[in-house]
Amino acid sequence: MTGPARSTGRPGRAGRSGRAGRGDRSERTARADGAERQERARQRRTGGAGARPSGAAAGSPGRARRVARAPVSRPAHRRRSLWAGLAVSLVLVAVLVWLTVWSPLLDVRDVEVVGAAPDQVEAVRAAAAVAPGRSLLWLDGDDVAANVRTLPRVASVDVSRDYPGTLVVSVTEREPVLAAPSPAGGVLLVDATGFGYRTMPERPPGIPALALPPGILPSPDEPGTRSAADVVVALPAALRADVVEVRANGRFDVGFVLTGDRTVRWGADADNERKAAVLAALLTRPGVAYDVSTPDLAVVR
């Protein structure tokens, strides 16, 4: 009989091959880990995070998912911001529409009149015809100005808004330069345009009387009225104060009477500034009649 086999103390061939396989795998793993560590160190030195090896990317599923979600999250954030901005804009538009259309915040609460004489303030307000509670924003200023301009004493009108609730009506009243007899009695004040705008019991001091041919009433379209007004306006203030009466039989026949019963023949309504300068020089000479109808050949009598 054969006895039990004796152990020689040496590993068998199978044992040696198993240990060799395990050693090879450990060596390969070590080499791979070393290569990965070297690659990471290289990326840290160069600052490049986008050149990761494919193995590292594949071995980091969480990081890959985060990278994949990033492009989707930015457009979604932009869409949310866009919708939020649009909602805010719509709310602001709705508030503005309410303020301008339905809110009483911009309603007219006062009509302020500037430039009118005290006895004309209420007349201007009445002519403006602006009812309290009307929207100041939608009020037509041109219509208001046209209404106020119908008042005879008003020469010009400017309408402005003083938010939140005041309408400002600024007027310039006519200034008299002549006073013509009124058919209703008293005198009719005439402004620089020849317009008769106000009747008074008597001629105000410093305002010359206007004498027109019989049956002629003052009017901007009447040649004598307009010529007489132009001549008076052309005179210096000191000389105008001495004019008592202006006589106008037409555009080419204007004359006036000065204090002290002195008379002036002016002639045509032309070259008025030149004639005024010549007359001022002639009045330094004694005389009762002055003719400046031809200013280069002026005569004193």
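Length gained on full extension, Thr259 to Arg37: 67.9 nm, using 0.36 nm per residue less the C-alpha separation.
In order along the stretch 265-280, the Karplus-derived 3J(HN,Hα) couplings, from 6.51 cos²θ - 1.76 cosθ + 1.60 at θ = phi - 60°, round to 9, 8, x, 6, 7, 7, 6, 5, 5, 5, 5, 5, 5, 5, 5, 4 Hz, and Gly and Pro are given as x. Computed over Cα pairs, the Kirkwood radius of the stretch 157-229 leads via Stokes-Einstein (1.567 mPa s, 4 °C) to a diffusion coefficient of 95 µm² per second. Across the stretch 208-217, coupling constants 3J(HN,Hα) worked out from phi with the 6.51/-1.76/1.60 Karplus curve, θ = phi - 60°, read x, 7, 10, 10, 10, x, x, x, 9, 9 Hz, and Gly and Pro carry x. Here each label is just a point 7 Å from Cα along the line to Cβ, and for Ile216 and Glu202 those points are 2.8 nm apart. Calculate log10 I(q)/I(0) of the stretch 178-300 for q = 0.10, 0.12, 0.16 Å⁻¹, where I(q) comes from the Debye formula with a single equal point scatterer on each Cα and nothing for solvent. Treating every Cα as an identical point scatterer, log10 I(q)/I(0) equals -0.28, -0.40, -0.70.
Against the compact-protein benchmark of 2.2 N^0.38 Å, the Cα-based radius of gyration of the stretch 106-173 scales to 1.00.
Quick note: the coordinates plus some simple rules give every number you see, no bench work behind them. Quick caveat: nothing in here was measured; it's all calculated off a predicted structure. Neighbour counts run over all protein chains shown; Cβ positions are idealised from the backbone, glycine included.
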